[in-house]
Amino acid sequence: MSRSFLYCRVSTADQTTANQVKEVKAAGFDIQPQRIVEETISGSTSTSERKGFQKLLERMESGDVLVVTKLDRLGRNAIDVQSTVQMLEGKGIRVHCLALGGVDLTSSTGKMTMGVLAAVAEFERDLLIERTQAGLQRAKAEGTTLGRPAATSKDAVQALRLEGMSQSQVVKELGVSLSTVKRLWA
């Protein structure tokens with residue numbers, strides 16, 4: 001017999017999962033309170049690192065249904081969501097997403113939807129990389145120094161060394177780490 005579970009996630013403690021629970025009930029899913037898993041954790045954390053989600057997986061069996069209100073409840077990006085859905089499908093668990101019209105993501109239609117979303121996400125990621133590379137090239141062409149600024153210069157360390165300061169005194173004077181001073185000492 002198929003059981004339905006609800007996975008609700010919010011990112012911060014000042015947020016609530018009440019709207020997610022209400023939305024699922026309004027969509028006609030009759031989910032018993034003990035089958036609702038609520039978690040407060042960042043969306044950037046993969047499902048494999050979410051304790052609540054992992055406990056949910058331990059309770060679910062083949063034939064069960066996992067309901068989420070939106071795809072971002074399942075993963076940090078389209079690729080993560082897709083791998084989570086595939087993992088659940090491999091366990092015989094169907095996944096329903098209300099934001100996509102309640103579609104079962106493990107069905108043919110759901111798989112197509114996931115494929116389209118993954119392609120769009122990959123396209124967006126590639127565009128972001130292209131824009132970033134173009135911006136870096138433009139900055140270099142304009143003479144901008146890229147990367148983290150140096151904590152101090154070799155000249156500054158050498159000048160204090162010539163004044164007779166020890167390495168630890170130079171550290172205090174310049175407010176840098178001992179490893180930085182040692183690297184610039186010789």
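Data table
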| item | result |
| --- | --- |
| All positions within the range 21-36 that are surrounded by 15 or more Cβ atoms within 10 Å (Cβ to Cβ) and either assigned to a loop (DSSP other than H, G, I, E, B) or not aliphatic (A, V, I, L, M) (or both) | 23, 29, 31, 35 |
| The range 8-20 - residue that is surrounded by 11 or more Cβ atoms within 10 Å (Cβ to Cβ) and in contact with a Ser or Thr (Cβ under 9 Å, 6 or more places away or on another chain) and, of those, nearest to residue 65 (Cα to Cα) | 8 |
| The range 20-35 residues that are assigned by TED's automatic domain parsing to the domain that holds residue 56 and closer than 18 Å to residue 61 by Cα, paired with ones that are aromatic (Phe, Trp, Tyr) and modelled with pLDDT of 90 or more (beta carbon under 8 Å, 6 or more apart) | 31/5; 35/5 |
| Criterion (at negative phi, in a helix (DSSP H, G or I) and surrounded by fewer than 18 Cβ atoms within 10 Å (Cβ to Cβ)) met by exactly one of 132, 84 | 132 |
| Given (1) exposed (fewer than 12 other Cβ atoms within 10 Å of the Cβ); (2) within 30 Å of residue 3 (Cα to Cα); (3) not aliphatic (A, V, I, L, M), index of the condition residue 153 fails | (2) |
| Residues of the range 156-171 that turn out to be loosely packed, with under 11 Cβ neighbours inside 10 Å and charged (D, E, K, R), as a count | 1 |
| Among residues of the range 137-168, those that are more than 13 Å from residue 184 (Cα to Cα) and touching an Asp or Glu at 6+ places or on another chain (Cβ under 9 Å), counted | 1 |
| Looking only at the range 55-80, and only at residues there that are under 13 Å from residue 39 (Cβ atoms) and among the aliphatic types (A, V, I, L, M), the one that is surrounded by the fewest Cβ atoms within 10 Å (Cβ to Cβ) | 57 |
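Conditions tested, residue by residue: (1) outside any strand (DSSP E or B); (2) without any contact (Cβ under 8 Å) to a residue 60 or more places away in the chain; (3) closer than 14 Å to residue 5 by Cα; (4) of a type in the set (Lys, Arg).
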{"residue": "38", "(1), (2), (3), (4)": "no, yes, yes, no"}
{"residue": "56", "(1), (2), (3), (4)": "yes, yes, yes, no"}
{"residue": "63", "(1), (2), (3), (4)": "yes, no, yes, no"}
{"residue": "80", "(1), (2), (3), (4)": "yes, yes, no, no"}
{"residue": "99", "(1), (2), (3), (4)": "yes, yes, no, no"}
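The values are calculated or read from the model by the stated rules, or taken from the named source; none is laboratory data. Given the structure is predicted, the values throughout are model-derived calculations rather than measurements. When we count neighbours, we look across all protein chains shown, and the Cβ atoms used for this are built from the backbone with ideal geometry, even at glycine.
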